[in-house]
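A.B. asks: Let me give you the structure first, and then I'll get to my questions.
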Amino acid sequence: MLEAVMIKQATKAGFIKWQVGGVADLSFPTSKTRRGRVQAGGTVSPTIMSSNQELYKLEREEMESYRIRRLTPLECWRLMGFSDEDFRAAEADEINSDTQLYAQAGNSIVVNVLEAIFGEMLPKGQDMEEEPEEEPEQEKIESMDAIKQKIYELTETELKAANEKFPLFASSHEAYAVIFEEFGEAREELEMVEYSLDKFWTEVKENESQEVKNKRLTRIYENAVKLAVEAIQTAAMARKGILSSYQKGDPAHGETTEN
């Protein structure tokens, strides 16, 4: 079996190697000025044209019997996705020559034709999957609102647990001290997440192994969860500070027990 075919072209060598099973520009076979008929050994395909510029993929079993010819006007119309009835209607007009019929068909392949071609090229049983549509903005908002509601509920649960152990803050000074302490812990977790993300990005750029990247993703996952916990605790203490500010008798709140 031939592993490659030498394609004649107008270069110093006089030919270019074409790997069997690849693609080549075989138009104008008698031309003495054509070059660039094969690109990247036949692995790169130029634009498919509608006239006699077609590209041909030669299977090994068909090497000796393959015949190259120009598409007929009807075949060209079919390739462009038109029905035979469309072609017959255009052909019936006496002013339309074959040249005009080729031009009317256009010189680019429409989407449904490409879909059919690629469907034949894909392995059997493999479907062409459509790109998932972007989630509508309203659905994104509703999804975010649902997540926020869960966070509010977790914050209230954390607040109730904290109030069972300790009453509301006696003063704003106590509230601020606790809130800043919680915020400091949340900020530390945030810095850990940022550090892990930076390291992960470096590992991706340096093409580290999947095992290394998975370990880093595990750290990101764990640190992000810890950050979420600290953020909820910070939110609970902030909420507790707001509720405590309504207590009377705390001069720092601008309130007194005096009538």
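A.B. asks: In the set Leu2, Leu74, which member is modelled with pLDDT of 75 or more and either of a type in the set (A, V, I, L, M) or not in a loop (DSSP other than H, G, I, E, B) (or both)?
C.D. replies: Only one candidate passes the filter, namely Leu74.
A.B. asks: So which residues in segment 227-248 are surrounded by 11 or more Cβ atoms within 10 Å (Cβ to Cβ) and basic (Lys, Arg), if there are any at all?
C.D. replies: Of everything in segment 227-248, those that are surrounded by 11 or more Cβ atoms within 10 Å (Cβ to Cβ) and basic (Lys, Arg) turn out to be Arg239, Lys240.
A.B. asks: Considering (1) within 27 Å of Lys150 (Cα to Cα); (2) assigned to a helix (DSSP H, G or I); (3) in contact (Cβ under 8 Å) with a residue 60 or more places away in the chain, say which one Phe169 fails and leave the rest.
C.D. replies: (2)
A.B. asks: Can you name every residue in segment 249-259 that is surrounded by 13 or more Cβ atoms within 10 Å (Cβ to Cβ) and either in contact with a Gly (Cβ under 9 Å, 6 or more places away or on another chain) or at pLDDT 90 or above (or both)?
C.D. replies: Glu255
A.B. asks: Still on this model: Could you tell me whether Leu168 is within 30 Å of Gln233 (Cα to Cα) and at pLDDT 75 or above?
C.D. replies: Yes.
A.B. asks: Which one is surrounded by the most Cβ atoms within 10 Å (Cβ to Cβ), of the residues in segment 172-226 that are at pLDDT below 90, hydroxyl-bearing (Ser, Thr, Tyr) and part of a helix (DSSP H, G or I)?
C.D. replies: Ser196
The values are calculated or read from the model by the stated rules, or taken from the named source; none is laboratory data. What you see is a predicted model; the values in this text were computed from it and never measured. Note: ideal-geometry Cβ built from the backbone for every residue, glycine included; neighbour counts use all protein chains shown.
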